[in-house]
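Contents: one structure, followed by commentary.
The values are calculated or read from the model by the stated rules, or taken from the named source; none is laboratory data. None of these values were measured; they are calculated from a predicted model. When we count neighbours, we look across all protein chains shown, and the Cβ atoms used for this are built from the backbone with ideal geometry, even at glycine. Only protein heavy atoms, including side chains, enter the accessible area calculation; ligands, DNA and RNA are left aside. Shrake-Rupley method; radii C 1.70, N 1.55, O 1.52, S 1.80 Å.
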Amino acid sequence: MKTKTLPFVTIRELSLLDVEDRYQWCLDRDVTKHLNMPAKYPPFTREETMNWIQMCITRKNGYEQRAIVTGEGQHIGWVDLKNIDQLNGHAELGIAIGDKRYWGKGYGMSALKAMLHLGFTELSLNKIWLRVEVDNGRAIKSYKQCGFVEEGILREDRYREGKYVDRVRMSILRREVN
């Protein structure tokens with residue numbers, strides 16, 4: 001089987017310069033469909049977006065959130081670790097490629113690998129887990145390609161667009177990372 005070369009990305013600390021990109025991405029229902037976001041539209045004001053990013057920068061919300069940047073310096077999304085449990089050595093992963101021009105080209109997988117490295121080396125985690133909606137086949141496929149395994153179904157775990165949807169819980173252990 002031929003291995004596809006992934007595009008180069010970096011994950012960097014968030015900056016207040018990221019506010020406008022994040023705000024615009026959150027206005028796009030294609031981008032936010034599978035994210036846990038408020039039902040109101042728009043989900044956040046610019047000020048709320050700025051406040052959130054400021055909390056991430058100062059680590060006052062418990063998130064290790066990073067901006068995803070292409071090799072050419074284009075800010076395209078974010079990736080984070082949350083629900084960090086240092087005692088048990090695990091955290092929940094979240095990711096969004098906000099700039100749809102970069103969807104389906106491997107940028108998300110590159111960012112995932114970078115965040116796994118951060119979680120397993122800098123934070124000394126043993127396990128990184130996530131929840132993904134069962135109808136988000138593209139994401140599930142990417143997570144499996146990255147080495148995540150299914151742990152089970154979280155029944156009616158998210159309320160989306162007027163109904164409850166199931167989510168798959170997936171995880172990867174430090175020893176399983178290539």
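Filter the range 92-105 down to the residues that are in contact with a helix residue (DSSP H, G or I) (Cβ under 9 Å, 6 or more places away or on another chain) and charged (D, E, K, R), then identify the one that is most open to solvent (accessible area, probe 1.4 Å).
Lys100
Being closer than 30 Å to Val165 by Cα and of a type in the set (Lys, Arg) is the filter; apply it to the range 8-63 and report the residue that is surrounded by the fewest Cβ atoms within 10 Å (Cβ to Cβ).
Lys40
With a cut-off of at least 1 residues that are polar (S, T, N, Q), name the strands (runs of 3 or more DSSP E) lying wholly within the range 1-97.
Those strands (runs of 3 or more DSSP E) span 9-13, 64-70, 75-85.
Checking the conditions here, which among Gly77, Gly108, Gly89 is surrounded by 19 or more Cβ atoms within 10 Å (Cβ to Cβ) and farther than 16 Å from Val19 by Cβ?
Result of the check over Gly77, Gly108, Gly89: Gly108.
(1) at pLDDT below 95; (2) part of a helix (DSSP H, G or I); (3) over 26 Å from Asp30 (Cβ atoms): which one isn't true of Asn178, the others all being true?
(2)
Looking at this structure, is Met170 in a strand (DSSP E or B) and either touching a strand residue (DSSP E or B) at 6+ places or on another chain (Cβ under 6 Å) or under 28 Å from Ile53 (Cβ atoms) (or both)?
yes
Listed residues Tyr159, Tyr143; which is modelled with pLDDT under 95 and aromatic (Phe, Trp, Tyr)?
Tyr159
Which of (1) in contact (Cβ under 8 Å) with a residue 12 or more places away in the chain; (2) not in a helix (DSSP H, G or I) does Leu116 not meet, given it meets every other one?
(2)
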